[in-house]
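Heads up, the thing below is written out as structure tokens.
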Amino acid sequence: WAARIRRVLLLGPSHRVGFRGIATPGCDRFETPLGEIAIDLPAIAAISPLESVVEMTTAHACEHSLEVQLPFLQTLLGDFTLVPLVVGEVDPSAVAAVLETLWGGPETLIVISSDLSHYHPYREARALDLNTSRAIEQLDSHLAGEQACGCHPLNGLLEAAKAHQLHLTTLDVRNSGDTAGGKQQVVGYGAYCLH
């Protein structure tokens, strides 16, 4: 399946800059130690007329939610174009409108970058994240920031998934206490697949 993917729509939350809307980067490439990734400028042009879409380099300048995904995508997919969008405060319908404009077919992969709960003790985080996962599995597009820092892009994708009658599978739910640290204050993570 990876050989068919030519374009990645990558959406993540804004951790450093507060704003309303969906920010495009205002550049023509991203770069990691694995090489350059061309920005899909025709796709950016296609969504630019949408009311919620703004060009905002400051939203991208220090944002890690997108860049942490890039090495994985480069390793798995090789050559692809990127539509990187940092999502601020915005209604799910605005994100869904962007996704609908660029939906495409099997050549397009949509990736939402988000953590789940933050800084709870291990057992409490497990319970919170399992409840959030149940909501995600039901395509509930009313998630809050306490459930997932990327609730805005995630809610938009879940709304679009309902419109496209997609099904969701949970691949795994863990937290930092399972993988890389102590269990006093953990960060939750989940991996899900729409099909």
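Worth pointing out:
- Selection status of Asp115, part of a loop (DSSP other than H, G, I, E, B), within 29 Å of Gln165 (Cβ to Cβ) and either among the acidic types (Asp, Glu) or modelled with pLDDT of 95 or more (or both): yes
- Check on Ser133, at pLDDT 95 or above and under 14 Å from the mean Cα position of the chain (by Cα): no
- Comparison of Ala148, Ala125 shows that the only residue that is more than 15 Å from the chain's Cα centre (by Cα), surrounded by 21 or more Cβ atoms within 10 Å (Cβ to Cβ) and not polar (S, T, N, Q) is Ala125.
Residues checked against (1) over 16 Å from the mean Cα position of the chain (by Cα); (2) at pLDDT 95 or above; (3) open to solvent by 50 Å² or more (accessible area, probe 1.4 Å):
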site	(1), (2), (3)
Glu63	no, no, no
Thr75	yes, yes, yes
Leu102	no, yes, no
Ile110	no, yes, no
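The values are calculated or read from the model by the stated rules, or taken from the named source; none is laboratory data. What you see is a predicted model, and the numbers here were worked out from it, not measured in a lab. So basically every Cβ, Gly included, is an ideal-geometry build from the backbone, and we count neighbours across all protein chains shown. Accessible surface areas use protein heavy atoms only, side chains included; no ligands, DNA or RNA. Shrake-Rupley method; radii C 1.70, N 1.55, O 1.52, S 1.80 Å.
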